[in-house]
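J.: The following block contains the structure, expressed as structure tokens.
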Amino acid sequence: MKKIVFLIIAFLISAMSNGQGVDFSGSWKLNSTKSKLNPEFSFAPNTVIVVQKANDLKVEKHSNFQGENITLTDNLTLDGKEAINVGFMDTQKKSVASWSDDKASLKVTSKLSIGDGGEMTITEVYKLSGGNLVIESNSSSSFGEMAETMVYDKN
């Protein structure tokens, strides 16, 4: 019995020390009641689909903007290397993902060009809480700053 308990503990320690954090995989639907969204304009996607495998994270965001359905996909690496994706209105979006020290949350910092030589910085922190995906988003540009907390229920 002691041997089995030891093996289970050794397995858990090994699994936790593999450098990977929580798995955010799944299809998630926005819960606007639990979320704290900007009342005038929100960047919150209606649906977020996350596929997380080994060192790769794919985040597909489905939104509706002025009656048009928009899907943006970010392909990120979980090793701190920069990833380049297509941002809103075909801008180039450069992102870096990094785990928190306890591997319980993932911070994605993105920069994209806007307007006449301006730049927007978006920081998103992904975490799981009570069975929900929570994305804390902060954006900053020459247009100002915005902060939202988006809460998603698993589909």
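The values are calculated or read from the model by the stated rules, or taken from the named source; none is laboratory data. Computed from a prediction, not measured in an experiment: that's the story for all the values here. Here the Cβ positions follow ideal geometry from the backbone for every residue, glycine too, while neighbour counts run over all protein chains shown.
J.: Which one of 27, 95, 113 is free of Cβ contacts under 8 Å to residues at least 24 places away in the same chain, under 14 Å from the mean Cα position of the chain (by Cα) and outside any loop (DSSP other than H, G, I, E, B)?
T.: 95
J.: A further question follows. Would you be able to say whether some residue in region 121-134 is in contact with a Gly (Cβ under 6 Å, 6 or more places away or on another chain) and of a type in the set (Lys, Arg)?
T.: no
J.: Scan region 69-86 for residues that are part of a loop (DSSP other than H, G, I, E, B) and of a type in the set (D, E, K, R) and jot them down.
T.: 79, 81, 82
J.: Here's another thing I want to ask about it. Pull out all pairs, ordered by first then second residue, where Cβ-Cβ is under 7 Å, the residues are six or more apart or on different chains, the first lies in region 45-60 and is more than 9 Å from residue 27 (Cα to Cα), and the second is acidic (Asp, Glu) and buried (at least 18 other Cβ atoms within 10 Å of the Cβ).
T.: Matching pairs, first to second residue: 59/74.
J.: Oh, and also: Of (1) exposed (fewer than 14 other Cβ atoms within 10 Å of the Cβ); (2) closer than 17 Å to residue 25 by Cβ, residue 102 satisfies all except one. Which?
T.: Checking residue 102 against (1) exposed (fewer than 14 other Cβ atoms within 10 Å of the Cβ); (2) closer than 17 Å to residue 25 by Cβ, the one that fails is (2).
J.: If I ask for residues that are exposed (fewer than 14 other Cβ atoms within 10 Å of the Cβ), at pLDDT 95 or above and part of a strand (DSSP E or B), which ones from region 40-68 would you list?
T.: 53, 56
J.: Conditions first: (1) aliphatic (A, V, I, L, M); (2) over 14 Å from the mean Cα position of the chain (by Cα); (3) assigned to a strand (DSSP E or B). Residue 89 passes all but one, so which condition is the exception?
T.: Here residue 89 meets the rest and fails (3).
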